[in-house]
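Asker: Right, I'll just put the structure down here and ask away after.
The values are calculated or read from the model by the stated rules, or taken from the named source; none is laboratory data. Please read all numbers here as calculations on a predicted model, not as lab measurements. Note that we place each Cβ from the backbone using ideal geometry, even for glycine, and neighbour counts take in every protein chain shown.
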Amino acid sequence: MGFPRLAALAIAFALAAPGALASPESVRKDIVERLQKQLPQLSGSEYALGSAAFDDALRAQVEENAASAAALVAAGQKVWTAKFRDGRSLANCFPNGGRRIAGNYPQYDARIKRVVTLEMAINQCRKAHREAIFEPTDPATMGAALAYVRSLSNNLKIAVRVPAAAERSLENGRRMYFTRMGQRNFACASCHLQGAGKRFDGMPISPVIGQATHWPEIRGGIPITLQVRVRECLELMGAAPFAAGSDELNDLEYFVTYLSNGLPLKANVWRPKAP
């Protein structure tokens, strides 16, 4: 089937005047209300299921494979607690050794005036201790570390803050979400807002609300981070993907995660391998 086309509301969002910033909460509320009208069969908590919310068989498979990430999480724990040359570790860089922190990322760092993702925070720690930084897309290092540290926040609610200084970054992420890109002239919202619940390539399309709750996804035993998946989507759209860790993807992740505020985080959700 073809991708759904972007609705008039999405176009209106994308064309809003650059200087006129709607409040973050009003933007989130508008999108939540739209999806509630569009998908009345879903309860609030079911948004966190993503594609599985629309497919009983997929939901059953997800539940059957709930323990499939155990080995990956164990490997991630070793990465997280491995000693640096100075005797410290990633665990020493974060409050409570990394427990109960994942739902607060991405964060806006007023000092550097940028959005900082959890991946960036991990690499900032390593750099500060004169260790080689992880490649953001490497499943054996960054992917495993994320699988572990995000598991330490399972069932806690996402609570991303947007201080006044960060509103422009959130707006940049929102605009990117609604901007058509690539040879196919699609936007992220074409599928995950207008087309949420419909099918593409045999799989239900997840709604934007809830998308940030379950990363990394586990496909074929490999952790797939949110930014890796966004880059895959951009390629499907016929667009050159932004680099992992770029301001563009960081702002986009900030926006998508903020929309899921209040939903419980459930990392390392199993998904079938892409055909």
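Asker: Condition check: part of a loop (DSSP other than H, G, I, E, B), surrounded by 12 or more Cβ atoms within 10 Å (Cβ to Cβ), hydroxyl-bearing (S, T, Y) and in contact with a strand residue (DSSP E or B) (Cβ under 8 Å, 6 or more places away or on another chain). Does S51 satisfy that?
Answerer: No; evaluated as a whole, the condition is false for this residue.
Asker: Hey, E235 hits all of (1) out of contact with any Gly (no Cβ under 7 Å at 6 or more places or on another chain); (2) under 23 Å from R28 (Cβ atoms) but one; which does it fall short on?
Answerer: (2)
Asker: If you take the residues of the stretch 96-131 that are assigned to a loop (DSSP other than H, G, I, E, B) and touching a helix residue (DSSP H, G or I) at 6+ places or on another chain (Cβ under 7 Å), which of them is surrounded by the fewest Cβ atoms within 10 Å (Cβ to Cβ)?
Answerer: It comes out as A110.
Asker: Given the conditions (1) on the phi < 0 side of the Ramachandran plot; (2) part of a helix (DSSP H, G or I), which single one is not true for A66?
Answerer: Going through (1) on the phi < 0 side of the Ramachandran plot; (2) part of a helix (DSSP H, G or I) one by one, A66 breaks only (2).
Asker: Might you check whether a residue that is under 29 Å from G44 (Cβ atoms) and in contact with an Asp or Glu (Cβ under 6 Å, 6 or more places away or on another chain) occurs anywhere in the stretch 202-219?
Answerer: Scanning the stretch 202-219, I find at least one residue that is under 29 Å from G44 (Cβ atoms) and in contact with an Asp or Glu (Cβ under 6 Å, 6 or more places away or on another chain), so the answer is yes.
Asker: When you go through (1) of a type in the set (G, A, S); (2) part of a helix (DSSP H, G or I); (3) surrounded by fewer than 21 Cβ atoms within 10 Å (Cβ to Cβ) one by one for G143, which number turns out not to apply?
Answerer: (3)
Asker: Still on this structure, please answer the following. If we keep just the residues of the stretch 187-197 that are in contact with a helix residue (DSSP H, G or I) (Cβ under 8 Å, 6 or more places away or on another chain) and outside any helix (DSSP H, G or I), which is nearest to I31 (Cα to Cα)?
Answerer: L193
Asker: Pick from the stretch 236-249 the residues that are outside any loop (DSSP other than H, G, I, E, B) and either under 13 Å from the mean Cα position of the chain (by Cα) or modelled with pLDDT under 95 (or both): which of them is surrounded by the fewest Cβ atoms within 10 Å (Cβ to Cβ)?
Answerer: Restricting to residues being outside any loop (DSSP other than H, G, I, E, B) and either under 13 Å from the mean Cα position of the chain (by Cα) or modelled with pLDDT under 95 (or both), the top hit is L236.
Asker: Let me ask you something else. Can we say S89 is farther than 24 Å from E253 by Cα and without any contact (Cβ under 8 Å) to a residue 12 or more places away in the chain?
Answerer: For S89, the condition - farther than 24 Å from E253 by Cα and without any contact (Cβ under 8 Å) to a residue 12 or more places away in the chain - is met.
Asker: Moving on to the next point. Select from the stretch 69-95 the residues that are surrounded by 15 or more Cβ atoms within 10 Å (Cβ to Cβ) and assigned to a helix (DSSP H, G or I) and list them in ascending order.
Answerer: Result: L72, V73, A75, G76, Q77, V79, W80, L90, A91, N92, C93.
Yes/no matrix, rows are residues, columns are (1) in the same structural domain as S206 (by TED's automatic domain parsing); (2) in contact with a Phe, Trp or Tyr (Cβ under 8 Å, 6 or more places away or on another chain); (3) in contact (Cβ under 8 Å) with a residue 24 or more places away in the chain:
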residue	(1), (2), (3)
C125	no, yes, yes
A128	no, no, yes
F134	no, no, no
P139	no, no, yes
M142	no, yes, yes
M176	yes, yes, yes
A189	yes, yes, yes
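Asker: Identify the residue in the stretch 198-235 that is of a type in the set (V, I, T) and not in a loop (DSSP other than H, G, I, E, B) and, among all such residues, is farthest from L259 (Cα to Cα).
Answerer: Checking each candidate, the answer is I222.
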